[in-house]
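Down below is the structure, laid out as C-alpha cells.
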Amino acid sequence: MTDMRNGASTIGVIGAGVMGIGVAQNLAQFGYDVVLVDTGEEILAAARAAIAGHCRMSALMGGPALDAAEILSRIATSTSLDEVAKAEVVIENVTENVEIKRAVHERLDEICPAETVIIVNTSAIPITKVGAVGRHPERVVGVHFMNPVPVKPVVELIPGFHTSAETVRRTRDLLRGMGKRAVDVKDACGFVSNRVLMLTVNEAAYLVHEGVATAESVDEVFRGCFGHPMGPLETADLIGVDTILYSMEVLYEHYADSKYRPCPLLKQMTDAGLHGRKSGRGFHTYAG
C-alpha cells in the first residue's frame, strides 16, 4: 500500500461513531498512524470490529481489496483524550451538539500544543463558534466528511473567521493524502450540502408523518423519477436519524427560520432509538 502521509505522523481521531470509524479507517488505508478515542472500551472494540468488517466487504462492494489486519495495526485506541496530545492533527467527530463539542474542545485547548491543527468534522455547526472555545482559534478548521467516509471522494473545507492560511494549507495536504478533494465553503451554518440536504430529508419525513406516502414510496419516487441512487429517507438512515435531528435543530436555532423546524417524527424516532442503519431500524428495517 502506498504511503501518502505528506510528512504527518500520528493523527488523533475523537469519536468512534459512524463518522469517526470511517475517518480512522480512511486514514489508516493511506498509511497514517491513528489514535482513536472514545469514552468506553466496548465502544472502541465495536469500532475495531466494524472497521474489520468494512475492510472485508470493500472488494465485494466494488472498492479496493483491503487487508483488515494491516489497517487495524495502524489504529491504536484509548478512552483518554490525553492520548492525542502529541498528534500533529486532531479530527473531532463527536455528536452534532454544540455543548458536547464545546467540552471536547475545551480539553483539547488544554492538552494540545498551539501548532496542532484541530479539525471539526461537522455537518452544520459554525466553525467560528467552535474555534472561539479555545485560545488558538487560528488552528481550528472545519471539514465536512461525507458518509461512508472511505468511499466519498469530496469533502467541504470550511475555515472559521480566525482560521489561518497555514491551518488551511496543512488541512488541504492531509485531505489530499487521504484521497479527498476539498471544496472551499464559507462558514455559514449547514454549509452547502446540509443547507439543501437537511431540508429535503426533513420535508420527506413530514410526508411520512402526515401520511402522504410511506417511506418506501418517498424513496422510490426519488430513485425512479430523479435517478438518485438513494432516496432521502434511505439517506437519513445512513447518516443517522438522530444526526439529522441534531442538524435540523442547529439550523433552526442559528437561522431562526421556520423552514428549518424539525419534523416531530424525527424527534419521536430519535427518542425511540430508531436511528437508522446503526441501530438496525429507522425509516427502513435492516438485517443484523
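The values are calculated or read from the model by the stated rules, or taken from the named source; none is laboratory data. Small disclaimer: the values here were computed from a predicted structure and weren't measured. Counting neighbours? That spans all protein chains shown, and the Cβs are built from the backbone with ideal geometry, glycine included. We work out accessible area using only protein heavy atoms, side chains counted, and drop any ligands, DNA or RNA first. Shrake-Rupley method; radii C 1.70, N 1.55, O 1.52, S 1.80 Å.
Observations, loosely collected:
- Each residue of segment 227-234 is assigned a 3J(HN,Hα), and the resulting list reads x, 6, x, 9, x, x, 7, 5 Hz, derived from the Karplus form 6.51 cos²θ - 1.76 cosθ + 1.60 (θ = phi - 60°), x at Gly and Pro.
- Alpha-carbon Debye profile of the chain, log10 I(q)/I(0) at 0.11 Å⁻¹: -0.64
- Dimensionless Rg/Rh of segment 183-288 - Kirkwood Rh, Rg from C-alpha atoms: 0.97
- Tilt relative to the chain, helix 41-58 - C-alpha long axis, 0 to 90 degrees, to 10: 80
- Accessible surface calculations at 1.4 Å, restricted to protein heavy atoms, place segment 53-94 at 53 Å² per residue.
- Contact order normalised by residue count of segment 44-119, Cα under 8 Å, 6+ apart, percent: 27
- Accessible surface of segment 1-130 [probe 1.4 Å, protein heavy atoms]: carbon and sulfur percent: 55
- Just checking the listed ones, 88, 210, 249: in the Gaussian network model of the chain with Cα springs under 10 Å, the one fluctuating most is 210.
- Net charge dipole size for segment 46-175 [Lys, Arg +1 and Asp, Glu -1 on Cβ; Debye, nearest 20]: 240
- Comparing segment 11-72 with the 2.2 N^0.38 Å rule of thumb, its C-alpha radius of gyration ratio is 1.05 (two decimals).
- For segment 72-216, the ratio of Cα radius of gyration to the globular rule of thumb 2.2 N^0.38 Å stands at 1.15.
- Pairs from the list 86/129; 180/259; 129/259 with a Cα-Cα gap above 27 Å: 180/259.
- Over the chain: helical MRE at 222 nm, DSSP H runs n ≥ 4 each giving -39500 (n - 2.57), nearest 500: -13500 deg cm²/dmol
- 3J(HN,Hα) along segment 130-144: 6, x, 5, 5, x, 7, 10, x, 5, 9, 9, 9, x, 9, 9 Hz, from the Karplus curve 6.51 cos²θ - 1.76 cosθ + 1.60 with θ = phi - 60°, whole Hz, x for Gly and Pro.
- Helix 98-111 vs. the chain, principal-axis angle (Cα, 0 to 90°, nearest 10): 0
- Relative packing of peptides 97-108, 232-243, 198-209 - highest average C-beta neighbours within 10 Å first: 232-243, 198-209, 97-108
- Acute angle (nearest 10 degrees) that the helix 165-177 long axis makes with the longest principal axis of the chain, alpha-carbon atoms: 70
- Peptides 9-16, 223-230, 135-142, 39-46 ranked from most to least packed by the mean count of surrounding Cβ atoms within 10 Å: 9-16, 135-142, 39-46, 223-230.
- Taking a ≥ b ≥ c as the square roots of the eigenvalues of the Cα gyration tensor, segment 26-116 is classed as prolate, since a/c reaches at least 1.5 and a/b is larger than b/c.
- For the chain, the residue among 19, 262, 37 whose Cα projects farthest onto the positive side of the dipole built from Cβ charges is 19.
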